[in-house]
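The block underneath contains the structure these notes are about, expressed in structure tokens.
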Amino acid sequence: MLKIDHYNIAKNVHVFRQGNLNIAYDVNSGSLHIVDDKTAQFIINMIQVQIQDLKGTGDPHSIFRVAGADLSGEEKNEILMELGALQRNNLLFSQEAEKIEPMYPEPPIIKAMCLHVAHDCNLRCRYCFAGTGPFGGSRQLMSFKTGKSALDFLLRNSGNRAQCEVDFFGGEPLLNFDVVKELISYGKKAAAQIGKKIKFTLTTNAVLLNEEVSGYLEEEGISIVLSLDGRKEVNDRMRPYAGGKGSYDRIMPQILRFIEKRPAASRYAIGKYYYVRGTYTRYNMDFYQDVLHMADQGIKRISVEPVVAPPEEEYALREEDLDTVKKSYDILGEKVLEYMQNGKEFSFFHFNAGLDDGPCLPKRLSGCGAGHEYVAISPEGEIYPCHQFVGQEKYKLGSLYEEEKLNAKVVAAFRKAHVYIKEECGSCWARFSCSGGCHAANAAFSGELTKVYSLGCELQKKRLEVAFYIKIREREQRVLV
Amino acid sequence: MAKHIQTVIKGNLSSTVKTGGCGNCQTSCQSACKTSCTVGNQVCEK
């Protein structure tokens, strides 16, 4: 029989309907179950009864009685027996994970770096969080000397990590391609000398992704994130050149030529991969059409993310847009399955869900590691917690050319901003999947690292529901095959 | 066979609180995500 004494169901079990399925997600084990209508309603009713039980006495028998009022005694008993069996096996209504706060090494082990090799850009994207390239500073390129110092800093501070990660970022990194090449060559040698490897990625708008550049990136095994928003009219509205002309006609053919070289790119971004990454705004809340446009062109690895924008911007997403955006995720989820069935498989990054093969709980608690595992380096050699904080003095961690030790207060602030410290996350069913959200988005919208961006939470939860649904349907299809 | 519930994925997340934390996995923002934290959709590389 199910035991729910002192067990907060809403916090630990999430029941929802997606497509034609009732799904129960067990937060603490990460297990997924398909439940019939009666079981789904019974659990939802139990949650409601618990919430209304203001005194918190939570007498299980009265909860079962009230929540299962529409069930026959036999049905109720069957369901409670099945739930009880799953509970004993820690698969549903499972025991809450032991609340151990993340532990961090001292000094911090830095394993990943975003290298801003160009604070300049050949596009003028209207939503750019880098202020169309310079991040509020001047337009400039990183020197080899600064880049080399950055790589040395990473290797020196990466402790026992055998693999470090470096992303060439901007602005547009291909505006500084000669330095990128020099740094890749230097980084590979320097890492090898101390028995390490650097995994390089490059994030580009693809304007300069010609045959020569593509060939080089392929030969050197550099993973790549290519920016494209989708349909021509959508892309060109937000991603024009300085003169206003759209970029689609130039970049789409170059992207398609490039990805032909990587037909087996991992959906989980492992090894040498590519992702085509776009941004959706209030102007294209039907962004599923942009994803499908890319998929129809043969692009297999697609990520399209909600814009990060000040609320006063016309293109910023608003609370009242939530239903429309959620419907787009619903449609996209069905399309992902439809394309798979028709042999036109593609993956949508936010629908990847690591459950039985996903990251461990410590990783899920601590999140992206910005500010203590992951840093961004500006062209001048200043160190920031991540690419989105570059130029924000309040969050500056230090400089490659000054005291090497990182600002301990900033490091501590980022380390402290984990799931267990955020009030809104404590009872949220998605807490182990989103790690409390993006630090930069949280800081931008609430002014604090420890307060969440609620609109972002709603979108994240919707994406997770669709992701879980797809995960189940994928398993079903695999069984049928 | 259960009549009302079908288990599709069996996870053991809570047990990894003590076994995990090796730190060898990829930093989430280095892959395809540059503006939204998506740790849960990675895979363990252990």
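The values are calculated or read from the model by the stated rules, or taken from the named source; none is laboratory data. All values derive from a computational prediction rather than experimental measurement. FYI the Cβ positions are ideal-geometry reconstructions off the backbone, even for glycines, and counts take in every protein chain you see. Quick note on the areas: whole protein, heavy atoms, side chains included, nothing else; ligands and nucleic acids left out. Shrake-Rupley method; radii C 1.70, N 1.55, O 1.52, S 1.80 Å.
Key figures for this structure:
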read-out	value
Charge dipole (debye, nearest 20) of chain A; +1 at Cβ of Lys and Arg, -1 at Cβ of Asp and Glu	1000 debye
Coarse-grained scattering of segment A:48-137 at q = 0.15 Å⁻¹, given as base-10 log I(q)/I(0) from a Debye sum over alpha-carbon atoms	-0.77
Once the Cα gyration tensor of segment A:356-408 is diagonalised, semi-axes √(5λ) in Å	26, 11, 9
Solvent exposure ordering (accessible area, 1.4 Å, most first) of A:ASP178, A:ASP70	A:ASP70, A:ASP178
Chains A and B together, accessible area buried on both sides, 1.4 angstrom probe, square angstrom	5100 Å²
At q = 0.15, 0.22 Å⁻¹, base-10 log of I(q)/I(0) for segment A:143-239 (Debye sum, equal scatterers on each alpha carbon)	-0.64, -1.13
Kirkwood Rh and Cα Rg combined as Rg/Rh, segment A:104-188	1.03
Filter on A:LYS196/B:LYS18; A:LYS111/A:LYS405; A:LYS197/A:LYS405; A:LYS38/A:LYS76; A:LYS272/B:LYS46 - keep pairs with C-alpha separation over 21 Å	A:LYS196/B:LYS18; A:LYS197/A:LYS405
Label-point separation, A:LYS181 to A:GLU474 (7 Å along Cα→Cβ), nm	3.8 nm
Spin-label model distance (nm) - A:SER138 vs B:LYS3, 7 Å beyond Cα toward Cβ	7.8 nm
Where labels lie 7 Å past Cα in the beta-carbon direction, separation of A:GLU101 and A:HIS6 in nm	2.3 nm
Beta bridges per DSSP with both ends in the protein assembly as shown, % antiparallel, nearest 5	40 percent
A:ARG17/A:SER149 FRET efficiency (R0 51 Å; Cβ-Cβ; nearest 0.05)	0.40
Residues of segment A:145-171 buried by at least 50 Å² on assembly (accessible area, 1.4 Å probe, chain alone as reference)	A:ARG161, A:GLU165
Calculated P(r) of segment A:1-50 - Cα pairs past 18 Å, %	26 percent
Per residue convex hull volume, Cα atoms of the protein assembly as shown, in Å³	148 Å³
Using a Förster distance of 30 Å, the FRET efficiency for A:GLU74-A:SER427 (Cβ separation, nearest 0.05)	0.35
Linear extension gain, A:GLU212 paired with A:ARG65, 0.36 nm per residue minus alpha-carbon span	45.8 nm
CD proxy at 222 nm, helix term only [per DSSP H run n ≥ 4: -39500 (n - 2.57); per residue of chain A; nearest 500]	-12000 deg cm²/dmol
Selection from A:THR146, A:ILE44, A:THR324 lying farthest towards where the dipole of chain A points positive, charges on Cβ	A:THR146
Estimated FRET transfer efficiency (A:ALA162, A:LYS344; beta-carbon r; R0 45 Å; 0.05)	0.75
Per chain A, cysteines lacking a partner by the 4.7 Å Cβ criterion	A:CYS114, A:CYS121, A:CYS164, A:CYS360, A:CYS368, A:CYS386, A:CYS425, A:CYS428, A:CYS434, A:CYS457
Estimated dipole of segment A:383-481 in Debye, rounded to 20 [Cβ of Lys and Arg +1, of Asp and Glu -1, Cα centre]	340 debye
Length gained when the stretch A:LYS394-A:TYR241 is fully extended (0.36 nm per residue, less Cα-Cα span)	51.9 nm
Listed residues A:TYR329, A:TYR339, A:TYR420 arranged by accessible area, highest first, probe 1.4 Å	A:TYR420, A:TYR339, A:TYR329
Extension gain from A:GLU319 to A:TYR420, taking 0.36 nm per residue of separation minus the Cα-Cα distance	33.8 nm
Estimated dipole of segment A:232-331 in Debye, rounded to 20 [Cβ of Lys and Arg +1, of Asp and Glu -1, Cα centre]	880 debye
Chain A: DSSP helices with Cα axial extent of at least 15 Å and average Kyte-Doolittle hydropathy no lower than -1.0	A:37-52, A:73-88, A:144-156, A:177-193, A:248-259, A:322-341, A:454-480
Length-normalised contact order for chain A - Cα pairs under 8 Å, 6+ apart - percent	15 percent
At q = 0.19, 0.25 Å⁻¹, base-10 log of I(q)/I(0) for segment A:419-481 (Debye sum, equal scatterers on each alpha carbon)	-0.68, -0.98
Unit charges at the beta carbon, dipole of the protein assembly as shown: most positive-side option, A:TYR274, A:PHE468, A:GLY137	A:TYR274
Dipole axis of the protein assembly as shown (+1 Lys, Arg; -1 Asp, Glu on Cβ), positive-most option in A:GLY333, A:ALA192, A:LEU86	A:ALA192
Average silhouette area of segment A:183-320, convex hull of alpha-carbon atoms, in square nanometres	10.3 nm²
